[in-house]
Structures are given as structure tokens and as C-alpha cells.
Amino acid sequence: MTKITKNTLVSKIADITDLTHSVINQVLNAYTDTVQSELVEGNQLMLHNIGKLEVKERKERTGRNPQTGDPIIIPSKNVIGFKASKPLLDKINV
């Protein structure tokens, strides 16, 4: 498995398009800012042929301290959930 950095992604998009690295960087920054602000507002993002991003609440629960075994309360928090679309799942499960 290879980790793709933002610079690598910019280069790959530049190879496919006639856009400069600077323009692609601006677009990616605007995209990530928009995704973050929409999730903060509680909106779902439906990304065509990729999937759905949404904020979910993880409820408070009881866990155990791994060192002592004592029960501890794990507080509730918001997490980001992702559900892949069928076309994406079909492509990765060829």
C-alpha cells in the first residue's frame, strides 16, 4: 500500500489536466475547506462514485483501563463516518 501525499495528488492531477500545480493546489485547498465547513455544520456530503461523509455521535460508554483493568467512562464525541458508494466498492473488489 502506498500513501499518497497532497503533493503527489497535485502532480497526478496536473498530469491528467492542463492545469498548473498552483491552480490545483488552490482548488484542493478550497475543496478541503468546504468539506470541513459542511461537516462542522452537520451536513452530509455525497461524493458521486466515491461515497458519503457524515458526522456521527459516538455515545458515552464504559471501557477498561488496559493497565489496571479498572472500569473507566469514555466520553461521547463526534466522529466522521464514511460509507463507500457501490461503484467504488465494485472497482476495489474486482
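Taking amide H positions as modeled 1.01 Å from N, with prolines and chain starts lacking one, no residue 5 or more places away or on another chain lies under 5 Å from L19.
The residues neighbouring H21, those whose beta-carbon lies less than 13 Å from its own, together hold a net charge of 0 under the Lys/Arg +1, Asp/Glu -1 convention. Under 5 Å from the amide H of I50 lie the amide H atoms of S85, each residue being 5 or more positions distant or on a separate chain, with H modelled from the backbone and absent for Pro and chain starts.
Name the residue, out of I24, I73, I13, whose mean-square fluctuation peaks in a Gaussian network model built on the chain with Cα pairs under 10 Å. Result: I73 has the largest fluctuation of those listed.
Please find, in a Gaussian network model of the chain (springs between Cα atoms separated by less than 10 Å), the residue of D70, D33, D15 whose mean-square fluctuation is greatest. Evaluated over the chain, the most mobile residue of the options is D70.
Listed values for region 57-62 are Karplus-derived 3J(HN,Hα) couplings in whole Hz (6.51 cos²θ - 1.76 cosθ + 1.60, θ = phi - 60°), namely 8, 8, 5, 4, 8, 9, and x replaces Gly and Pro. Across region 44-52, rounded Karplus estimates of 3J(HN,Hα) from the backbone phi angles (6.51 cos²θ - 1.76 cosθ + 1.60, θ = phi - 60°) give 8, 10, 9, 9, 3, 6, 10, x, 10 Hz, Gly and Pro being marked x. Loop-located trypsin sites (Lys or Arg not before Pro) in region 20-82 (DSSP state not H, G, I, E or B) with no more than 10 neighbouring Cβ atoms inside 10 Å: K59. Think of it as helices only: each DSSP H run of n ≥ 4 in the chain is worth -39500 (n - 2.57), and spread over all residues that comes to -12500 deg cm²/dmol at 222 nm.
Relative to the dominant Cα principal axis of the chain, helix 21-40 is inclined by about 30°. Which shape class, rounded, prolate or oblate, goes with region 7-59 when its Cα gyration tensor gives a ≥ b ≥ c as root eigenvalues, a/c under 1.5 marks rounded, and past that a/b bigger than b/c marks prolate? Verdict is prolate for region 7-59. Sites counted here are GluC sites (Glu not before Pro) in a DSSP loop (not H, G, I, E or B) having no more than 14 other Cβ atoms within 10 Å; the longest part of the chain that contains none of them is 1-40. Comparing mean-square fluctuations of G51, G69, G81 from a GNM of the chain with C-alpha springs under 10 Å, the top value falls on G69.
Does region 44-94 come out rounded, prolate or oblate by the C-alpha gyration tensor, with a ≥ b ≥ c the root eigenvalues, rounded set by a/c under 1.5 and, if not, prolate when a/b is larger than b/c and oblate if not? The partial results should precede the final answer.
Values: a/c = 6.63, a/b = 2.30, b/c = 2.88.
Oblate, since a/c reaches 1.5 and b/c is not below a/b.
Axis angle, to the nearest 10 degrees, between helix 6-16 and the longest C-alpha principal axis of the chain: 30 degrees. A simple rule links phi to the HN-Hα coupling: the Karplus curve 6.51 cos²θ - 1.76 cosθ + 1.60 with θ = phi - 60°, which for region 71-85 gives x, 9, 8, 9, x, 5, 7, 8, 10, 9, x, 10, 10, 5, 6 Hz, with x for Gly and Pro. Computing Rg/Rh (Cα atoms, Kirkwood Rh) for the structure here picks out one of (1) 0.96; (2) 0.93; (3) 1.13, namely (3).
Just so you know, all these numbers are worked out from the coordinates, no wet-lab data involved. Because the structure is predicted, anything quoted here is derived from the model rather than measured. FYI the Cβ positions are ideal-geometry reconstructions off the backbone, even for glycines, and counts take in every protein chain you see.
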